[in-house]
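Colleague: Next up is a structure, given as structure tokens.
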Amino acid sequence: MSVTLDGPLAGLSLNTATVREQWTLAEIIPACRRFGITGVAPWRDQIAHIGLDETERLIKGEDLTVTGVCRGGMFTWSTDAERQAMFDSNRTAIDEAATLDAQCLVLVVGGLAPGSKDMPAAREQVAEALATLLPEARAAGVTLAIEPLHPMYAADRACVNTLGQANDLCDMLGDGIGVAVDIYHVWWDPALATEIARAGDRILGLHVCDWLVPTTDLLLDRGMMGDGVIDIPAIRAMVEKAGYDGHAEVEIFSAETWWKKPPEEVLRICGERYCSVV
Ligand code: ZN
């Protein structure tokens, strides 16, 4: 998955959430190419909005690498109906990732099941769902990427909160599954260097933004690279030492700042910061 095209932003991928409030996917995809960004990671609701066929046509027309499809997962459930809906949704996500030749399907694994306080049970459901879906993903030619999320999301988004947990799951499950390293979620981890080295060639993505101090919203206050406290080059060096040579994917959810700016300005600054602080 190494980056081969030329230009200063050839190693940059745009997670389409970054400008989702300003542009549709049909506007984002050509904009990537105009800015010299060579990768894109679309969200499934944005794909649904313009249709999978149109998404595929636009991305292939601009010759962009799909660094990930966001997202599958949400594996925890309380009722049989929820369980069935979860598998249905993930099977569709695998099909979409296959159609778009995505380097991986990003998985946010889900938090506690509705109405539950049983975290070990949630983690067991995640492991079971992964074991069921992985052979299907392999058959479809899709690689699954577990994205550990910061522990502040353990209740409602992801009960896999460290790279160590994600690596344990990968060890258990075998080929066809790896990890997405999102620095926003893992930068604080005392075992970060060890677990990045352990992940090795199972690193399927590097997501970048920054941790603002103070952070005013648990979900929608991510910072632009360079505006916060994460030592991004240090983490990038760790993943490169582990063998990762793919894109850095900028992924910023920012309701009050970046989602309110003109999208061209957001992309211009993403490019500048990619060159100066990533
Ligand atoms: Zn991410």
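Colleague: In the Gaussian network model of the chain, springs joining C-alpha atoms below 10 Å, which of Glu27, Glu251, Glu147 carries the largest mean-square fluctuation?
Modeller: Ranking Glu27, Glu251, Glu147 by mean-square fluctuation puts Glu27 first.
Colleague: Another question, if that's okay. Rounded to a whole number, what % of the accessible area of the chain do carbon and sulfur atoms account for, probe 1.4 Å?
Modeller: It is 52 percent, rounded to a whole number.
Colleague: Of Asp118, Asp221, which has the most accessible area with a 1.4 Å probe, and how do the rest follow in descending order?
Modeller: Listed by decreasing accessible area, they come as Asp118, Asp221.
Colleague: Now for a different question. How much of the DSSP beta bridge set in the chain is antiparallel, as a percent to the nearest 5?
Modeller: For the chain, the DSSP antiparallel bridge percentage is about 5.
Colleague: Turning to a different aspect of this structure: Residue separation times 0.36 nm, minus the C-alpha to C-alpha distance between Asp95 and Glu136: what's the value?
Modeller: This chain segment gains 13.8 nm when fully extended.
Colleague: How much space per residue, in cubic angstrom, does the convex hull of the C-alpha atoms of region 90-134 take up?
Modeller: 74 Å³
Colleague: Once the Cα gyration tensor of the chain is found, what semi-axes does its equivalent ellipsoid get, as square roots of 5 times the eigenvalues, in whole Å, sorted largest first?
Modeller: Result for the chain: semi-axes of 27, 22, 19 Å.
Colleague: How far is it, in nm, from the label point at Trp188 to the one at Thr215 when both lie 7 Å from their Cα along the line to the Cβ?
Modeller: Here the answer is 0.6 nm between the modelled labels.
Colleague: Could you work out how much longer the chain between Cys275 and Ala155 gets when fully extended? Use 0.36 nm per residue separation minus the Cα distance between them, nm to one decimal.
Modeller: Taking Cys275 through Ala155 to full extension adds about 39.6 nm, to one decimal.
Colleague: How large is the accessible surface per residue of the chain, computed with a 1.4 Å probe and reported in Å² as a whole number?
Modeller: Dividing the accessible area of the chain by its residue count gives 40 Å².
Colleague: Let me ask something else. Just read off the accessible area of Arg57 with the full protein assembly in place, 1.4 Å probe, to the nearest 10 Å².
Modeller: The value for Arg57 is about 140 Å².
Colleague: Let me ask something else about it. For the chain, what are the DSSP H helices with axial Cα length of 24 Å or more and mean Kyte-Doolittle hydropathy of at least -1.0?
Modeller: Result, helices passing both filters: 80-99, 119-140.
Colleague: What does the accessible area of Thr38 come to, in Å² to the nearest 10, when a probe of 1.4 Å is used?
Modeller: Roughly 0 Å² of Thr38 is accessible to a 1.4 Å probe.
Colleague: Roughly how far apart, in whole Å, are the Cα centres of region 160-184 and region 217-278?
Modeller: If you average the Cα positions of each part, the centres end up 22 Å apart.
The values are calculated or read from the model by the stated rules, or taken from the named source; none is laboratory data. None of these values were measured; they are calculated from a predicted model. Note that each Cβ is placed from the backbone with ideal geometry, even for glycine, and that neighbours are counted across all protein chains shown. For accessibility, only protein heavy atoms count, side chains too; no ligands or nucleic acids. Shrake-Rupley method; radii C 1.70, N 1.55, O 1.52, S 1.80 Å.
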